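The values are calculated or read from the model by the stated rules, or taken from the named source; none is laboratory data. The structure presented is a predicted model; accordingly, all values stated were derived computationally and were not measured. Reconstructed Cβ throughout: ideal geometry from the backbone, glycine too, with neighbour counts over all protein chains shown.
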Amino acid sequence: MRHVQTLLWGALLVFAAGCGRQNDDAFAEAAPDIEGLTLELSGAAAEQALMSEDGVQRQGLHENPPELLKHTRQAVAWLNGHVRKAVEPIVELIASGAGKVAPGDSRIYGPKDRGNATYRLTIKRLSVERFNWKLEAKPLGSGDEAYKAVAAGTLVKGALPHRGRGTIGIDVDTLKSIDSSIKGAGKLFCGFAHVGDTKTLVYLLKGFTPDVSAVDPVSAAFVGHRLMPSKATRVRLAAKVNLGDSPTAAKEFIRARARYIPGVGGRADALATEGDVPAGKVYFGSACWDAQEHEGFAILRLCNKGDLVNCTVVATRGDLSNCKPGVESAEAPPEDELDTTLEQGAPADGVVAPSGMPEP
């Protein structure tokens with residue numbers, strides 16, 4: 001009898017340990033990961049290969065990529081670089097071990113030192129599928145009273161770990177006040193939805209720059225999606241850059257829409273004001289490229305605002321017939337840089353970015 005009782009107790013302990021691991025997994029799988037929150041133009045692997053840790057573009061797939069591709073890819077890299085900075089500590093905290101049980105059906109991961117800061121992550125379960133999380137940071141060696149929230153979000157779980165529908169806010173300003181090595185500024189707010197391994201993303205940038213000493217800040221919407229298994233992408237964004245066909249080095253404020261079809265190529269269409277653009281006018285630029293990112297056609301027009309048909313051609317290269325099927329037609333972006341309308345063909349609907357930091 002005693003032997004049987006011992007076996008029963010052993011089985012119960014193994015069962016309890018297994019349940020504990022599953023319970024921890026439920027919390028860990030509710031945390032965001034980088035792949036689920038990054039925008040893409042030509043696919044995740046290619047875009048990651050072109051970015052440094054700070055989201056600064058390296059050399060392209062060849063030495064002279066089309067200008068509009070260069071500008072849109074750089075803006076995506078700037079955003080993704082700071083999404084990575086916020087999510088990498090979360091990934092490391094989860095990987096460091098099971099979370100400590102906390103009141104309110106919560107788990108706390110950390111503390112863990114990283115760079116010039118100490119991080120901790122709190123994940124709270126609100127229902128079987130719904131979780132809130134908060135990433136806090138403090139200067140190295142300081143007391144717990146110095147912790148400040150630098151990112152927070154919500155997730156209603158989907159079919160895959162770290163996937164579903166939710167929101168995230170990243171406070172670059174607060175992180176910069178804690179870690180002096182951070183070069184950026186501003187805030188990033190995101191609404192996301194995953195359908196399987198497709199993704200739909202809506203970012204609102206508020207005074208965001210990846211580097212206050214080198215890049216003009218923007219307040220704008222970045223909207224995009226990736227379809228699977230095709231990996232076709234569409235993205236819309238804004239940036240302050242100098243267009244090469246403009247007469248001076250002054251920076252124009254561009255609103256761009258780009259799309260990419262694997263094995264075919266891509267296209268970008270952009271509207272620009274400020275810089276060298278006269279009052280009441282707008283630059284309307286378009287370019288297409290093939291699968292190897294060789295430009296087939298590019299044109300820059302000067303138009304009256306509200307009239308993109310009766311325009312004056314400023315510069316042109318190549319021929320429109322070089323644009324591949326699927327990217328041969330112009331699709332001008334909205335003039336309003338804060339327009340959060342989803343792109344055509346988005347795999348999810350009702351995706352909205354929060355106007356401020358999500359409540360942890």
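Quick notes on this one:
- Residues satisfying the stated conditions in segment 337-355, i.e. surrounded by 13 or more Cβ atoms within 10 Å (Cβ to Cβ) and not hydrophobic (A, V, I, L, M, F, W, C): Glu337, Asp339, Thr340, Glu343, Pro347, Pro354
- Which numbered condition Ser127 misses (of (1) hydroxyl-bearing (Ser, Thr, Tyr); (2) crowded, with 20+ Cβ neighbours inside 10 Å; (3) closer than 20 Å to Asp24 by Cα): (2)
- Residue under evaluation His82, criteria (1) loosely packed, with under 15 Cβ neighbours inside 10 Å; (2) under 24 Å from the mean Cα position of the chain (by Cα), criterion not met: (1)
- Of the residues making up segment 198-215, those that are touching a helix residue (DSSP H, G or I) at 6+ places or on another chain (Cβ under 9 Å) and surrounded by fewer than 23 Cβ atoms within 10 Å (Cβ to Cβ) are Gly207, Thr209, Asp211, Val212, Val215.
- Residue within segment 269-291 that is surrounded by fewer than 19 Cβ atoms within 10 Å (Cβ to Cβ) and under 24 Å from the mean Cα position of the chain (by Cα) present: yes
- A count restricted to segment 278-329 and to residues that are under 16 Å from Arg259 (Cβ atoms) and part of a loop (DSSP other than H, G, I, E, B) stands at 9.
- Criterion violated by Ser355 - all others in (1) under 29 Å from Glu293 (Cα atoms); (2) of a type outside the set (A, V, I, L, M, F, W, C); (3) touching a residue at least 40 places away in the same chain (Cβ under 8 Å) satisfied: (1)
- Scanning segment 85-144 for residues that are touching a residue at least 40 places away in the same chain (Cβ under 8 Å) and on the phi > 0 side of the Ramachandran plot yields one hit, Gly115.
- Residue ID - surrounded by the fewest Cβ atoms within 10 Å (Cβ to Cβ), chosen from residues in segment 179-194 that are among the hydrophobic types (A, V, I, L, M, F, W, C) and at pLDDT 95 or above: Ala185
- Restricting Asp171, Asp144, Asp197 to residues that are of a type in the set (Asp, Glu), touching a Pro at 6+ places or on another chain (Cβ under 9 Å) and at pLDDT 95 or above narrows the list to Asp144.
- Restricting attention to segment 88-107, the residues being closer than 21 Å to Ile170 by Cα, surrounded by fewer than 18 Cβ atoms within 10 Å (Cβ to Cβ) and β-branched (Val, Ile, Thr) number 1.
- For Ala330, the test of being in contact with a Ser or Thr (Cβ under 7 Å, 6 or more places away or on another chain), surrounded by fewer than 21 Cβ atoms within 10 Å (Cβ to Cβ) and either touching a residue at least 40 places away in the same chain (Cβ under 8 Å) or among the basic types (Lys, Arg) (or both) is passed.
- When segment 259-277 is filtered for residues that are under 22 Å from Asp339 (Cα atoms), not β-branched (Val, Ile, Thr) and not in a loop (DSSP other than H, G, I, E, B), the ones remaining, listed by number, are Arg259, Tyr260, Arg267, Ala268, Asp269, Ala270, Leu271, Ala272.
- Yes/no for Thr167 being among the hydroxyl-bearing types (Ser, Thr, Tyr) and either in contact (Cβ under 8 Å) with a residue 60 or more places away in the chain or assigned to a strand (DSSP E or B) (or both): yes
- Under the condition of being closer than 15 Å to Asp173 by Cα, assigned to a loop (DSSP other than H, G, I, E, B) and in contact (Cβ under 8 Å) with a residue 60 or more places away in the chain, the residues counted in segment 198-217 number 2.
- Subset of segment 218-241 [crowded, with 16+ Cβ neighbours inside 10 Å and in a loop (DSSP other than H, G, I, E, B)]: Leu227, Lys231, Ala232
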